[in-house]
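The structure appears below as structure tokens.
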Amino acid sequence: MLQICPRLKILYLQNNLISKIQNLHKLKELEYLNLALNNVTRIQNLQRCESLRKLDLTMNFVDKAGLLTIQSLQANPNLSELMLMGNPCTEWSGCRHYVIAKLKQLRKLDGAEVKRSERIEAEQRLPELEAQLRRQLIKEGVDPDAAAQVEDDSLMYVENGEIKETGYLDEETGEMKRPWCPATRILDHIENERANKAADERKASSSHASSSDSSRPKGGYTDFPEIKEGERFMQRNEGQWDFSMEESADGRCLVLEVDIGKYIDTSLVKADIQPGYIRLLIKGRLLQLLLPCEVRPDGSSAQRSTIAGTLQVKMPKEDPQADVNIAFIRPKPGSKTGGMASGPSKSKHIDKLPPKATVQAMENDDEDYVPDLA
């Protein structure tokens with residue numbers, strides 16, 4: 001959000017749970033920053049806020065180790081007022097003189113004006129105060145040199161917002177080697193995101209290529225696409241139709257049922273049955289399936305329910321005793337036998353379905369059915 005307000009002059013962030021000052025390096029015109037009542041422990045990442053005049057860090061958690069980071073504000077020449085009251089570091093008796101000596105541009109500290117005599121005294125005491133603070137931190141088990149290190153997140157970015165490369169290419173292994181730092185973590189994250197995005201795009205492209213034919217017209221096929229000699233036969237269900245493929249109860253036929261809905265006109269359905277496969281063209285979309293065994297196309301028959309609109313195609317086996325390839329069997333949920341449900345059914349039946357046929361509705365009959373096309 002702050003990146004779209006580069007000319008912001010006053011920023012109130014008080015009374016939050018902010019634990020780290022960061023991502024403010026683009027606010028070149030920021031004059032007043034209020035971070036009171038937060039969880040800040042170190043003063044950093046403000047080096048590029050060139051116009052900063054007042055910084056309020058009241059009631060945070062800057063301790064004596066965090067006080068060493070006060071030197072980062074030397075990069076803010078216009079900073080004239082600083083609020084540190086309520087921080088643990090102010091309990092140290094030398095805190096005020098230490099801050100005044102470190103930040104020569106200050107005019108007010110914790111609401112009190114910095115007098116000329118006070119500044120002179122602070123500068124004279126600075127070596128003593130630095131040594132005292134260092135001894136106390138070492139006694140408390142804190143490394144003063146490490147505690148004094150500060151971040152400048154602006155150094156991780158170039159002008160266009162990209163992260164600067166932190167590593168180098170190893171000539172022997174050809175691998176990128178980077179030091180472990182915040183910029184490296186961001187670079188690794190960006191590279192992982194790009195790799196994941198590229199993988200998702202490849203997956204989507206592959207899925208699209210396998211599920212649809214690029215040669216299929218936008219409005220759908222008007223006739224069955226040609227299967228070229230030597231071309232691999234692919235299972236296809238462009239309309240995402242629900243279907244089942246089972247053996248009939250007597251085991252002499254294969255039964256394909258396709259739920260195409262009752263509102264699709266029967267004239268928009270075509271069938272192409274071959275010994276090893278069946279193709280249905282439903283409203284221009286192709287359903288193309290391998291059969292679990294060879295069938296007799298000339299003995300096939302079809303019927304369509306006028307209640308649910310389900311299309312059923314029965315295909316006699318070439319060899320009634322032949323075993324079926326169970327890999328191509330797709331039973332209906334809860335069904336043990338093939339065929340449509342037993343009992344009364346409003347459907348019309350035909351005795352034969354030629355290898356290629358058009359399923360049509362009979363004139364003057366409001367019940368869809370498949371007429372004899374032989």
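Over all other residues within a Cβ to Cβ distance under 12 Å of Leu30, the charged ones net out to +4, with Lys and Arg as +1 and Asp and Glu as -1. Subtracting the Cα-Cα distance of Ile138 and Lys228 from their residue separation scaled by 0.36 nm leaves 24.2 nm.
Orientation-averaged projection of the range 1-86 equals 4.8 nm² [convex hull of Cα atoms, one quarter of hull surface area]. One way to sum up the overall shape of the range 49-102 is the equivalent ellipsoid from its Cα gyration tensor, whose semi-axes run 19, 12, 10 Å, largest first.
For the range 1-133, with every protein chain kept in place, what is the accessible area per residue (1.4 Å probe, Å²)?
Dividing the accessible area of the range 1-133 by its residue count gives 50 Å².
Look at the dipole of the range 1-97 built from charges on Cβ: of Gln71, Phe61, Leu84, the Cα furthest out on the positive end belongs to Gln71. The alpha carbons of the range 270-325 give a radius of gyration and a Dmax of 12.2, 36 Å, in that order. In this rough spin-label picture, where each label sits 7 Å from Cα along the Cβ direction, the Gln71-Gln240 distance is 6.4 nm. Take the Cβ atoms of Arg178 and Ser19, set R0 to 25 Å, and the FRET efficiency comes out at 0.45. Measuring r between the beta carbons of Ile329 and Ile264 and using R0 = 35 Å, the FRET efficiency lands at 0.85.
Among Lys28/Lys102; Lys203/Lys283; Lys26/Lys102; Lys28/Lys203; Lys197/Lys332; Lys26/Lys64, which pairs are too far apart, with a Cα-Cα distance over 32 Å? Too far apart for the 32 Å limit: Lys28/Lys203; Lys197/Lys332. Expressed as a whole percent, the accessible surface of the range 1-119 that belongs to carbon and sulfur atoms is 51, based on a 1.4 Å probe.
The values are calculated or read from the model by the stated rules, or taken from the named source; none is laboratory data. Computed from a predicted model, the values in this text were never measured in an experiment. FYI the Cβ positions are ideal-geometry reconstructions off the backbone, even for glycines, and counts take in every protein chain you see. Surface areas here come from the heavy atoms of the whole protein model, side chains and all, with no ligands, DNA or RNA. Shrake-Rupley method; radii C 1.70, N 1.55, O 1.52, S 1.80 Å.
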